[in-house]
1. Determine the shape class of the range 132-184: with a ≥ b ≥ c the square roots of the Cα gyration tensor eigenvalues, call it rounded for a/c under 1.5, and otherwise prolate if a/b is greater than b/c, oblate otherwise.
2. Taking every pair of alpha-carbon atoms in the range 1-93, give the share separated by more than 21 Å as a whole percent.
3. Tell me the per residue accessible area of the chain using a 1.4 Å probe; a whole number in Å² is fine.
4. With a 1.4 Å probe and all protein chains left in place, how much of the accessible area of the range 1-46 comes from carbon and sulfur atoms, in whole percent?
5. Would you work out the Kirkwood radius for the chain? I mean one over the mean of 1/r across all pairs of different Cα atoms, in Å.
6. Find the lysine pairs in the chain meeting two conditions, Cα atoms under 28 Å apart and a separation of 8 or more places or different chains, and report how many there are.
7. Packing-wise, with mean Cβ within 10 Å as the measure, how do 74-85, 100-111 rank, highest first?
8. Helix 139-148 sits at what angle to the longest principal axis of the chain, using alpha carbons and giving 0 to 90 degrees rounded to 10?
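The values are calculated or read from the model by the stated rules, or taken from the named source; none is laboratory data. All values reported here derive from a predicted model rather than from experimental measurement. A quick note on method: Cβ atoms are made from the backbone with ideal geometry, for glycine too, and the neighbour counts reach across all protein chains shown. Areas reflect the complete protein model, heavy atoms only, side chains present, ligands, DNA and RNA absent. Shrake-Rupley method; radii C 1.70, N 1.55, O 1.52, S 1.80 Å.
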Amino acid sequence: MPTELPPELTRAALRHLRAADDRLKAVMQRIGPCALKLQPRRFESLARAIIAQQISGAAAKSIWGRLQIVCEARSVTPSALANLSDDELRGCGISPQKLGYLRDLQTRVLARDIRLDRLHRLDDHAVIEELIRVKGIGVWTAQMFLIFSLGRPDVLPHQDLGIRAAIKRLYELPELPDRAECEVIADPWRPYATIACWY
């Protein structure tokens, strides 16, 4: 599985964004090449996102490290989780609520109710609709999956506080933009909103 966006897509996106938005162009010049890395292990990507909800990055990394140890593998898989007891998972620092979310994801994937290996065949909206059936996965998590696992080029995570704060600062808005304002500002970025958001 690829771990970065296709170079031709990135080149086309950079050309388009530089021509479409002068403010973004200045940011792009300051930051340099786009280095968006993909996470090809789809189950792991979703499990990590669940664990990371509403805790610091350091805490999430620590919990994930303990989970890898009890799974006895570098990769956390549905089968590996299924072989662990709830007590073992809680011992990693996973809260009861997140434990329920992980179990729902694990169960659905093992039952082939959700086919992570086939999500790339669906359009963005259908991927989101499929993933939000899992407890604990909302639109934002599904959008992060579209960006960082499937490498979709035109995702605008309008709920993301970091994106909204960056738009506010870059476009000198009086307050954080709502979804409609984000969509208007991002319209010139299409069909490469993902790359614009990375910057």
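1. Taking the square roots of the gyration eigenvalues as a ≥ b ≥ c, the range 132-184 is prolate.
2. When every Cα pair of the range 1-93 is considered, 51 percent fall beyond 21 Å.
3. Roughly 54 Å² per residue, with all protein chains present.
4. Exposed carbon and sulfur together represent 53 percent of the surface.
5. 18.2
6. Lysine pairs meeting the criterion: 9.
7. So the peptides 74-85, 100-111, ranked by packing, come out 100-111, 74-85.
8. 80
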